[in-house]
Amino acid sequence: MDRAHHRLRSPWPWAAILVGCVIGWGQGQRAHADAGVVAGTAAAESILNEHRLPLAAWIVGIGAATTIFVWRARRGRPPTIRRIAALEAVDEAIGRATEMGRPVLFIPGIQDMDNIQTVAGVTMLGRVAKTAAEYDAAVEAPVCRSLVMEAAREAVQASCLAAGRADAYQPDRIHYVTDEQFGYVAYVGGKMMREKPAACFYMGCFFAESLIFSENGNSIGAIQIAGTAESSQLPFFVAACDYTLIGEEFFAASAYLSGEPDQLGTLQAQDSGKVAVMSFIVIGAVVATAGVLMPSAAWLGELGALLRKAMGG
Amino acid sequence: MNRQRLTWIVIGVVFAGLLVVRGMTGQGLGRVYVQHEDVAYAKVETKSAQGAPTVAWKRVAEGGVADVRWQEWSAVPPKAWFEAQAKDPRQSAITLSWPRTIGLWLAAFFTLAIFSFLWADNVFYKFAEATVVGVSAAYWMVIGFWDTLVPKLFAALVPAVVQAHVQPSLRPVDDVQWWSMALALVLGGMMLWRLAPRGGWIGAWPLAFIVGVTAGLKIVSHVESDLMAQGLATMESVVAVVPGADGATDVGASVWGTLANLLVVVGVLSALTYFLFSVEHKGLVGGTARVGVWYLMITFGAAFGFTVMGRIALLAARFEFLFDDWLWLIDPNHLRA
Amino acid sequence: MVLTRLIPLWIAIVSGVAILVSAFIRPMESWGENFTDTFNVIAAIASVLGAGSLLKANLAKVSRRDAGWGFALVVLGTFLITLVVGLGKIGVHPSHDFPQADFGGKQESADTPFGWIYEFAMVPLTSTMFALLAFYVASAAFRAFRAKNLEASLLLGTAFVILLGRTFAGVVLTGWLPDWASGLRLENLSVYVMQVFNTAGNRAIIIGIALGVAATSLRILLGVDRSWLGGGER
Amino acid sequence: MSLLARLQSLDRRWIFLLMAIAVAGPILWSGLTGKTPPEQPTDAARRVLKVIDDLPEGSRVLFAFDYDPASAGELQPMATSLMRQCAARKLRIVCIALWPLGGNMAQETIAHVIRADFPSLREGVDFVNLGFQAGNEGVMKVVLTDFTKAFPKDTRGQAAADLPILQGVRTVRDFPLLVNVSAGYPGSKEWVQYVVSASEGSVKMIAGCTGVQTPQMYPYYPGQLAGLLGAIKGAAEYENLLNGVMGGDPAPKYLEAQRRMAPQLFGHLLLVGLIVVGNLIQFMGRRGTRA
């Protein structure tokens, strides 16, 4: 098992990435050639969209930082990551549910799998389910999209296997309710009042239901941990839940909880991206300010334009 | 338990009594009126300029020879019925619609049933909850079928059928669309394989495809329109020079503008510092992060204030439904007078 | 292992990277748009699985005579009725533009059974559920918005300024301020808060989220995080 | 039991009751007397009025209805007034929707405003409803390159390419103004990100948003967003301004937002009161334990 695992880790993903690049590029070439023939004109513009080169540079940069930090972490230099209180509380919340003999409720948001927050939410569900399987607590996850149901079952089944508790996986606990936002809310609200879960996790993309869930959760005395990147809902989670993962913290949660060096390495890559943006902001603002104060210095204008271009301006 | 049941019975009886009183005073309450229209179309065959036969459909007046006919009903304000009745008490152009009147009372019942959850979980809420789950799950499946599968999948793969039965004006799709629909059909089929007794693992493949493509798409859209665009927006000059009415610099406005710009830059930088993961929040970083948290809290406070506005408006709309459409207590849109 | 782990991993990485690369190549920029249609069709097909799950859960409740099995019956009944009238376009008249197409009519108006269900069951139920939020906002305001520390006080203070500044109450309370101090009137104060502090806070949150999304996507595309496939660490 | 202790353990159902009274009372008052609370328009609403007013007669306006009945209480008054001003200014209105039920909302707005008060306008020539298209941002990207590919037919089933109103429209850039009334995703934010930024200034945009979305839209205003109506308050201000411009006694449907400000006012005051009382209780409770 360990060997297979290791083999998966090393060169294979890179081969897959390469294949993806080749397919993408090759199809582009072909489509471009076809277009040329049909239009009967020589390709006047490059098939590469050079307006998007700065974007490509940013993505390659973040990708390179990720690779470097993952590589460093594997070489035995795992990064130190600051404490995130909400995530330290996950085990405690599940433990309490176990003691009280009540279920854990997990809501992976109300959007479909084409929303990256849902993907992050399902990943978190896997982590929570693993801990719950170890503690022998039941995780209930009603969902409002059929595809999310399938993905969630997949993740929970694998987590139970990984925890050595294949018997703990009960697919019926992850069930579809309805695609309709408030139909789903009505169902979950009623379920909370009747089954009184001891711990509630809201991890994913949320809209108006955030406050209905968290106020109902509060009234039944559940420990509530929320995480979302929907900034309009953050105030309600912050006010009504015990712990909240704000924006970027939510995306870091899965990596943080895994505790694996590679995953923690990607958090460092995230930080390096932040530092890069902050540097651009500082330098850009200083150059722009200097340009206003010294309108005669043309080089300042050029430098400013260059910096803006690097930001896609 | 007994006391709760008694409370419900008392509330119910008082409420029903008030409804009866309301029904017997003034114009009454909760009725919907409709008028109907007969629609008839006849097939007309013509020849186009090239001589090819084409078929057109013409609306025919009442009583004419038609190939297709049907009736349409549309709601009218009660005022129209009152006026029609005043002119001719035996008129039948505008009539009471039983289905819609029953529907209106059902809607009022559902509205009150959901509100009753605020008191406590109860049998009315449970009934409303079961209804909304059943109806809405089916509703979205129907919408998915008629608005996604038919015009996208079927229109690409079996255009003749769609043209014959749903949308005669359908135009052929291009190759890329055809292939993307064929792919969707294959992946959807793999998804459904889960229902088969064996080989359910194949359902993980379409999921993998979706997750992979989502990752590829989102990284582009978020880095481009969020990271770069918001960074760019902050790379502005801090010093603001605001021209006044006379062409000279308006000092007061410029100072305010400069201060505002400075506060924005400081805010973005400090709040980003809060999100740093690989540095302990101590010393300078800790202090900056704390300022960042202040900014975040002000942002959340603003979001709270604005959200509240919307929520009250929604509640107001439900009360208006009860008072206006159902109980006929108020008439802000002059539908009855 | 190969069929259940390796191939899905390959599918995800190849398709993700291909779509990523396509964003930079002119003739292929529309790939991403076509994916939306592809996804919606897959999701529509997969709703059969959702329907199966819903039916199974409720049928089980009914057959086991669980507490509240009568409500499970209501779910089943309303679900099946809505599905049948909606898919069959029962009672729907043809459209005016194509009277010959037997399934060309719209079922939005309340004179079709599906439209009736929508207007008199779904709309009141869902919008009343939405309206419950006003009550929850009130109880959260009373219970949760406490000036426990500086951070919480800032949140509170801002909410105050916006709440008052966005109604006529703000005009009454601070309208007496002279013109030179008009910037301190609540309605103007709320605009400053929005344009300065809210803009800065939101920008930082948005940039952070963008980086979070980028890292999450890269974890998937570089094969670092495979837990979405089930079990990263074992 | 002391008052303080009683307040500390107050059943939240009392708060629910207060909220119900604070909202229902003003509705009944306003409904029975026909009065609306006074209104003072801010700059944001004036800007919206001016942007539409500045367009030459006959300009095309793309009107995106990205909401559904659940948010109609807050957004319908905006859509009504915006469409009224566009119709009165003799602009040509092209309605689209990225929300499944948005097409219906457009249809209702057209019935309420255009068919009722501007009966001379012809469907397909002066206005049209192209209905809903699935695909969220995908649709926005398509309208940037080929408008009728994204919206191939109108709600009557006619091919969009044949409609007189769309002659000469190749992409979304052929619309000088985009009006968007939106309740969430996809909505104003996406329109700004994908369409307004990509149009390099050729498309101006006005957004009418729910209260929830408004804070997220402020970073784009007044840059990429030419006008912003936030929540029912924004709608009421704009409605008030427009009624002033149009003159005469406004029909009740054109007073909807201002009428809704009555419950809004009392609801807000109640919330402020609840926050104050909640904090007082905590403050006094803390002092009590210290003593």
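Any read-out appearing in this document is the output of simple, stated calculations on the displayed coordinates, not a laboratory observation. Model, not experiment: these values are computed from the prediction. Heads up, the Cβs are rebuilt from the backbone with ideal geometry, glycines too, and the neighbour counts pull from every protein chain shown.
Each of B:Tyr125, C:Tyr136 was scored by other Cβ atoms within 10 Å of its Cβ. Arranged with the fewest first, they read B:Tyr125, C:Tyr136.
Could you tell me what percent of the DSSP beta bridges with both partners in the range D:43-250 are antiparallel, to the nearest 5?
Values: 1 of 27 bridges.
Around 5 percent antiparallel, to the nearest 5.
A simple rule links phi to the HN-Hα coupling: the Karplus curve 6.51 cos²θ - 1.76 cosθ + 1.60 with θ = phi - 60°, which for the range A:126-142 gives x, 5, 5, 5, 5, 4, 4, 5, 5, 7, 6, 10, 8, 9, 9, 9, x Hz, with x for Gly and Pro. Taking 26 Å as the straight-line reach from the Cα of A:Lys274, the lysines in range (excluding those fewer than 8 positions away in the same chain) are A:Lys309, B:Lys218, B:Lys282, D:Lys189. Among the chymotrypsin sites (Phe, Trp or Tyr not before Pro) in the range C:172-234, those placed in a DSSP loop whose Cβ has at most 15 other Cβ atoms within 10 Å are C:Trp176. Under the membrane-span-like helix rule (DSSP H runs whose alpha carbons stretch at least 24 Å along the helix axis, mean Kyte-Doolittle hydropathy -1.0 or higher), chain D yields D:12-33, D:69-88, D:256-290. Per-residue mean of foreign Cβ neighbours for D:205-211 is 4 (Cβ atoms of other chains, 10 Å radius). Each of B:Gly286, B:Asn333, B:Met297 was scored by the projection of its Cα onto the charge dipole of the range B:280-337, and the greatest displacement toward the positive side belongs to B:Gly286; charges sit on the C-beta of Lys, Arg, Asp and Glu. A crude spin-label estimate for the pair B:Ala182 and D:Asp11, with each label 7 Å from Cα along the Cβ direction, gives 6.7 nm.
Looking at the protein assembly as shown, the DSSP beta bridges with both ends there are about 35 percent antiparallel. Pairs exceeding a 26 Å alpha-carbon distance, out of B:Lys87/D:Lys35; B:Lys79/D:Lys90; D:Lys149/D:Lys253; B:Lys152/C:Lys89: B:Lys87/D:Lys35; B:Lys79/D:Lys90; D:Lys149/D:Lys253. Each label point was placed 7 Å from the Cα along the Cα-to-Cβ direction; for A:Arg74 and C:Leu80 their separation is 5.6 nm.
Considering every residue in C:185-193, what mean count of other chain Cβ atoms within 10 Å of its Cβ is obtained?
Values: counts 0, 0, 4, 2, 0, 4, 4, 3, 7.
Other-chain Cβ atoms within 10 Å of each residue's Cβ, averaged: 3.
Starting at the first residue of the range C:197-211, write each ³J(HN,Hα) from the Karplus equation 6.51 cos²θ - 1.76 cosθ + 1.60 with θ = phi - 60°, in whole Hz, x for Gly and Pro. Each residue's phi maps through the Karplus curve to give 5, 5, 4, 4, x, 5, 4, 4, 4, 5, 5, x, 4, 4, 5 Hz.
Put simply, the amide H of A:Met203, placed in the peptide plane, has neighbours under 5 Å in A:Ile107, A:Gly109, A:Gly227, leaving out anything fewer than 5 places away on its chain. Remark on D:Gly208: its backbone amide H falls under 5 Å from those of D:Asn180, D:Val181, D:Ser182, D:Leu229, a criterion applied only to residues 5 or more positions apart or on other chains, H modelled at 1.01 Å from N. One Cα centroid belongs to the range C:1-41, the other to the range B:206-277; the line between them spans 31 Å. Straight-line reach from A:Lys196: taking Cα to Cα under 12 Å and skipping same-chain neighbours fewer than 8 places apart, the aspartates and glutamates in range are A:Glu140.
Residues whose amide H comes within less than 5 Å of that of B:Val68, counting only those at least five positions distant or on another chain, are B:Tyr41 (H built at 1.01 Å from N in the peptide plane).
Computed from the Cβ-Cβ distance with R0 of 41 Å, the FRET efficiency linking B:Val173 to A:Asp172 stands at 0.55.
In a DSSP loop and with at most 16 other Cβ atoms within 10 Å, the trypsin sites (Lys or Arg not before Pro) in the range B:144-225 are B:Arg198. The residues D:Arg89, A:Arg308, when put in order of fewest to most other Cβ atoms within 10 Å, stand as D:Arg89, A:Arg308. The HN-Hα couplings worked out from phi for the range C:106-112 by the Karplus form 6.51 cos²θ - 1.76 cosθ + 1.60 (θ = phi - 60°) are 8, 10, 8, 6, 6, 8, 10 Hz, whole numbers, x standing for Gly and Pro. Peptide A:81-88 has a mean of 2 when you count, residue by residue, the C-beta atoms of other protein chains within 10 Å of its C-beta. Tell me whether chain C comes out rounded, prolate or oblate; compute the Cα gyration tensor, take square roots of the eigenvalues as a ≥ b ≥ c, and use a/c under 1.5 as the rounded threshold. In terms of gyration-tensor shape, oblate. When only alpha carbons are used to place a centre, the range C:103-150 and the range D:79-147 end up 24 Å from one another.
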